[in-house]
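Everything on this sheet refers to the single structure shown next.
What follows draws every value from the coordinates through simple rules; no lab data is involved. Keep in mind that this is a model prediction, so the values were computed, not measured. Backbone-built Cβ (ideal geometry, glycine too); neighbour counts: all protein chains shown.
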Amino acid sequence: MRHSPEVSRYEQIALDIAGGIVRREYNEGDKLFGRSTLAGKYNVSPETIRRSVALMQSIGIVEPQPGRGIIIQSRQAAETFLREFEGRRILEDLKERVSNLLVERRKLDQTLEEELNQLLNYTFKKTSRLQQIEEIEVPEESELVGKSLESLRFRSVTGATVLALERGGEEFFSPDGGIPIEPRDLLVFVGPPEAKERVRQLIEGRR
């Protein structure tokens, strides 16, 4: 018979005796061994046997009778005791499994939170590097005036690509890299966030 680790020794002895009664190793009306004999059989103190007998007496399995000893009273009471214990053991096992699952869930929640944070951090870094469309006007005093995008190595210096050039209200998409830049030209370009500052530095001659 399985015994839960929480079951005390005197309860284990009562369960063992009740099991013997149910298996008809003892019959109703039979006399159990004396307390000292039971203490020797189970290698426990007489106090432990006294508590075990008191437990079985309280639920009607046995009845100590003066001059006769400990008498088996009811097989049905023994069966009920075993069923109730089995139900208790099942509940304790379920409680332990639920407790273990809660621990595992907390670990899983922690792992999930860590992975989610990593995902968000990675996503933030990636999105922060996404190309942005910007535009900037070339001042009249800019060093770019009269020079072409090609001669300025615009893309390699700034990391940006000019998508369009607006001049006098007219837009030139994908302008030829050899076209000289004129004052008030509006450059529409795409690049990473830092590209705008690099374009500004190039226009202001601060390379």
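For Asn117 and Leu186, the difference between the fully extended length at 0.36 nm per residue and the C-alpha to C-alpha distance is 20.7 nm.
Gain on full extension, evaluated as 0.36 nm per residue between Asn27 and Leu108 minus their Cα-Cα distance, stands at 23.8 nm. Summarising the label geometry, the points placed 7 Å from Cα in the beta-carbon direction at Glu197 and Val7 lie 7.4 nm from one another.
Of [x] 127, 29, 21; [y] 91, 42, 26; [z] 54, 42, 30, which is the value of Cα extents along the principal axes in Å derived from the coordinates here? After the calculation, the listed value that fits is [x]. Remark: relative contact order (the chain) = 17 percent; criterion is Cα-Cα distance under 8 angstrom and separation of 6 or more residues.
Quote the FRET efficiency, to the nearest 0.05, computed for Ala54 versus Val98 with a Förster distance R0 of 30 Å and r equal to the Cβ-Cβ distance. Please list the in-between numbers first.
On the way: r = 33 Å, r/R0 = 1.10.
Using R0 = 30 Å, I get an efficiency of 0.35.
To the nearest 0.05, how large is the calculated FRET efficiency for Arg153 and Phe173 if R₀ is 22 Å and r is the Cβ-Cβ distance? That pair, Arg153 with Phe173, gives E of 0.55.
Taking H as built 1.01 Å from N, whose amide H comes closer than 5 Å to the amide H of Gln73, not counting residues under 5 places away? Excluding prolines and chain starts, which carry no amide H, the hits are Gly29, Val62, Glu63. Taking Lys and Arg as +1 and Asp and Glu as -1, the other residues whose beta-carbon sits under 11 Å from that of Ile49 total +4.
Here is how the number arises for the chain: DSSP H runs of 4 or more residues each give -39500 (n - 2.57), the sum is divided by the residue count, and the result at 222 nm is -16500 deg cm²/dmol.
For the stretch 9-89, what D do you get in µm² per second when you plug the Kirkwood radius from alpha-carbon pairs into Stokes-Einstein at 20 °C and 1.002 mPa s? Present the calculation step by step, with values, prior to reporting the outcome.
Numbers: Rh = 12.4 Å.
Taking Rh from Cα pairs, D becomes 173 µm²/s.
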